[in-house]
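Chemist: First the structure, then my questions, so here it is.
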Amino acid sequence: MRIFDPHIHMTSRTTDDYERMRQAGVRIVLEPAFWLGQPRTSVGSFEDYFDSLLGWEPYRAAQYGVRHYCALALNPKEANDPRCRGVLDVLPRYLAKDGVVAVGEVGYDSMTEEEDEIFRLQLGMARTWGLPVLVHTPHRDKLTGTRRSLDVVRSEGLPPERALIDHLNELTVAMVKESGCWMGFSVYPDTKMDESRMVAILRTYGTERVLVNSAADWGRSDPLKTRKVAEAMLAGGFDEDDVDTVLWRNPLSFYGQSGRLRLDEPITADSFEGNSVQRGERVA
């Protein structure tokens with residue numbers, strides 16, 4: 001089984017997670033820029049963060065045979081902080097880099113005017129750089145937020161096939177499917193979606209344009225949820241081709257629109273900036 005987790009925050013995970021994910025079949029991960037749990041107070045802190053998503057984190061993943069790509073943006077949560085506005089000035093030079101395969105996460109947290117403005121500006125950057133977009137739908141009032149997100153994508157002229165509307169549920173999936181956008185589902189231990197609900201949605205709406213992710217981060221989450229969804233699909237009557245479509249071919253198709261996925265290149269390196277993930281000598 002081969003798995004591409006299209007939304008996971010590995011910066012907040014350990015190397016043990018990479019090892020377990022590789023054993024479970026995860027071969028590629030996509031890490032979108034997100035809120036770190038407390039406010040960042042300067043543009044420089046974002047630059048360091050972006051640099052780590054393009055340097056250290058791909059190196060760390062490679063030690064366990066996992067390819068790491070990223071999506072970069074000023075995330076919705078921090079779009080409301082005026083100290084972060086300057087991120088929009090430095091973002092274009094990062095969007096030019098090969099390891100960036102999408103703009104994201106963009107969208108809404110509290111659906112403020114500031115979020116709306118910055119959402120639209122970053123959709124414009126995505127058009128300029130020819131990148132697909134990962135859209136975060138709000139955890140509060142999700143129905144309104146999803147509908148508003150689709151309206152913005154449409155009004156800004158982004159082709160629907162280049163937008164992934166994420167964190168969907170039973171209330172929002174139909175409108176996104178009808179829009180022509182890609183549908184993203186985050187599977188969590190206690191909140192958002194679970195495996196059985198995900199299988200039920202796949203039975204109703206099919207596997208086309210559906211992506212399933214763990215969205216694992218610094219909260220209670222599980223980086224193996226993609227594998228668990230695959231197992232639930234098989235137990236629920238789907239076949240191996242269906243699993244490969246949802247867990248591998250669909251994310252490859254969506255992020256492949258960037259033209260930057262390089263699956264034939266080696267993914268190992270001895271060290272990064274003079275550092276390694278090893279502590280002391282390996283035991284033979």
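Chemist: How do the strands (runs of 3 or more DSSP E) wholly within segment 131-220 filter down when requiring 1 or more residues that are within 18 Å of residue 110 (Cβ to Cβ): which remain? Full working, then the answer.
Modeler: Numbers: elements: 133-136, 163-166, 182-186, 210-213.
Because the criterion is at least 1 residues that are within 18 Å of residue 110 (Cβ to Cβ), the strands (runs of 3 or more DSSP E) in segment 131-220 that meet it are 133-136, 163-166.
Chemist: So residue 193 clears everything in (1) surrounded by fewer than 18 Cβ atoms within 10 Å (Cβ to Cβ); (2) farther than 17 Å from residue 26 by Cα except one condition, right? Which one?
Modeler: For residue 193, the failing item is (1).
Chemist: Is there a residue in segment 18-25 that is under 23 Å from residue 258 (Cα atoms), out of contact with any strand residue (DSSP E or B) (no Cβ under 7 Å at 6 or more places or on another chain) and not small (Gly, Ala, Ser)?
Modeler: Checked segment 18-25: no residue is under 23 Å from residue 258 (Cα atoms), out of contact with any strand residue (DSSP E or B) (no Cβ under 7 Å at 6 or more places or on another chain) and not small (Gly, Ala, Ser).
Chemist: Only one of these conditions is not met by residue 191: (1) closer than 12 Å to residue 5 by Cβ; (2) among the β-branched types (Val, Ile, Thr); (3) modelled with pLDDT under 95. Which number is it?
Modeler: So the condition that residue 191 fails would be (1).
Chemist: With respect to residue 258, determine if the residue is within 19 Å of residue 168 (Cβ to Cβ) and surrounded by 18 or more Cβ atoms within 10 Å (Cβ to Cβ).
Modeler: no
Chemist: Across segment 46-98, which residue is farthest from residue 110 (Cα to Cα) among those that are among the small types (Gly, Ala, Ser) and in contact with a strand residue (DSSP E or B) (Cβ under 8 Å, 6 or more places away or on another chain)?
Modeler: Per the stated criteria, the residue is 65.
Chemist: Right, something else. Within segment 14-95, which helices (runs of 4 or more DSSP H) (wholly inside it) include 2 or more residues that are β-branched (Val, Ile, Thr)? Give the derivation first.
Modeler: Values: elements: 15-24, 43-54, 56-62, 87-95.
Passing ranges, in order: 87-95.
Chemist: Of these, 24, 102, 73, 62, which one is buried (at least 16 other Cβ atoms within 10 Å of the Cβ) and either at pLDDT below 95 or of a type in the set (Lys, Arg) (or both)?
Modeler: Being buried (at least 16 other Cβ atoms within 10 Å of the Cβ) and either at pLDDT below 95 or of a type in the set (Lys, Arg) (or both) holds for just one of 24, 102, 73, 62, which is 62.
The values are calculated or read from the model by the stated rules, or taken from the named source; none is laboratory data. The model shown is predicted, which means the values in this text are computed figures rather than measured ones. Counting neighbours? That spans all protein chains shown, and the Cβs are built from the backbone with ideal geometry, glycine included.
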